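K.L.:
Following this message is one structure expressed as structure tokens.
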Amino acid sequence: MPRRAYYLSHPQVLIDPDVAVGEWGLSDEGHARVAALIERGLPQVSMMFSSLEVKALETARPLADALGCPLITRAEMGENDRSATGFLPPAEFEATADRFFAEPDVSVRGWKTACAAQRRIVGAVEAALLETSGDALFVGHGAVGTLLYCALCDVGIDRRYDQGPGGGNVFDWQVGHAPKAGWRPMEDL
């Protein structure tokens, strides 16, 4: 029986320049989108895997509870390491992210390279898929999700494959095959 895997990025976060990015939680809008997704219903999965970052866990925990499936956390599913810069104002962040994707072998402003982040997320997903014979849902972040998508599609790292603004997007694939479509809003899950 073919297995499906889903990759869901966390929705909107409460941005606080005085808090480490990995500790940001979901905003009221982000929590509302997760609750609405649960209300509409979710695909049945046998396991859920999540980044350890607060915003990912605040997305994954209620989903796993609603499905009654195990939630496994993985540090390797975290977002690309941006600790060298910490919080950046939106325009500066977007310009830096553009460079991160455009120069995947370069440490842009001290960030880990896109190539290194891609190897990490692909390895984490491949290892997780070995732990279940059923469908799986991965909850994480937009940038590394895009890097995973590029690897699954066997295309070069390119921001044109990035999710739309705000987060809370999903793509899925039959395990062993490339995704047939790109990111779409989580409401379409």
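Residue-wise test of (1) small (Gly, Ala, Ser); (2) crowded, with 19+ Cβ neighbours inside 10 Å; (3) in contact with an Asp or Glu (Cβ under 6 Å, 6 or more places away or on another chain).
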{"position": "ALA127", "(1), (2), (3)": "yes, no, no"}
{"position": "LEU137", "(1), (2), (3)": "no, yes, no"}
{"position": "TYR149", "(1), (2), (3)": "no, yes, no"}
{"position": "VAL155", "(1), (2), (3)": "no, no, no"}
{"position": "PHE171", "(1), (2), (3)": "no, yes, no"}
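K.L.:
May I ask you to verify whether THR59 is without any contact (Cβ under 8 Å) to a residue 24 or more places away in the chain and either surrounded by 17 or more Cβ atoms within 10 Å (Cβ to Cβ) or within 13 Å of the chain's Cα centre (by Cα) (or both)? Working first, answer last.
P.N.:
On the way: without any contact (Cβ under 8 Å) to a residue 24 or more places away in the chain: no; either surrounded by 17 or more Cβ atoms within 10 Å (Cβ to Cβ) or within 13 Å of the chain's Cα centre (by Cα) (or both): yes.
When the stated conditions are applied, THR59 does not pass them.
K.L.:
Separate question: Look through GLY167, GLY145 and report the one residue that is touching a Ser or Thr at 6+ places or on another chain (Cβ under 8 Å), in a helix (DSSP H, G or I), under 20 Å from LEU26 (Cα atoms) and of a type outside the set (S, T, N, Q). Don't jump to the end; show me each part of the working.
P.N.:
Details: GLY167 fails: in a helix (DSSP H, G or I).
GLY145 is the lone residue from the list that is touching a Ser or Thr at 6+ places or on another chain (Cβ under 8 Å), in a helix (DSSP H, G or I), under 20 Å from LEU26 (Cα atoms) and of a type outside the set (S, T, N, Q).
K.L.:
State whether one or more residues within segment 140-155 are without any contact (Cβ under 8 Å) to a residue 24 or more places away in the chain, farther than 30 Å from ARG40 by Cα and out of contact with any Cys (no Cβ under 6 Å at 6 or more places or on another chain).
P.N.:
Initially, segment 140-155 is screened for residues without any contact (Cβ under 8 Å) to a residue 24 or more places away in the chain, giving 155.
Pick out the ones that are also farther than 30 Å from ARG40 by Cα and you get 155.
Now restrict to residues that are out of contact with any Cys (no Cβ under 6 Å at 6 or more places or on another chain): 155.
Scanning segment 140-155 turns up at least one residue that is without any contact (Cβ under 8 Å) to a residue 24 or more places away in the chain, farther than 30 Å from ARG40 by Cα and out of contact with any Cys (no Cβ under 6 Å at 6 or more places or on another chain).
K.L.:
Still on this structure: Quick test for you: out of THR73, THR113, THR96, THR85, pick the one residue that is of a type in the set (Val, Ile, Thr) and closer than 30 Å to ALA35 by Cβ.
P.N.:
THR73
K.L.:
Return the residue satisfying two criteria in turn: it lies in segment 19-52 and is free of Cβ contacts under 8 Å to residues at least 24 places away in the same chain and outside any helix (DSSP H, G or I), and of such residues it is nearest to the chain's Cα centre (by Cα).
P.N.:
The residue in question is SER27.
K.L.:
Look through segment 21-54, keep the residues that are closer than 21 Å to LEU148 by Cβ and among the polar types (S, T, N, Q), and return whichever of them is surrounded by the most Cβ atoms within 10 Å (Cβ to Cβ).
P.N.:
Once the filter is applied, the top-ranked residue is SER51.
Taken together, the values in this text are just the output of simple stated rules run on the coordinates, not laboratory data. Note that the structure is predicted; figures quoted are calculated from it, not measured. Because the Cβ atoms are built from the backbone with ideal geometry, glycine has one as well, and the counts that use them run over all protein chains shown.
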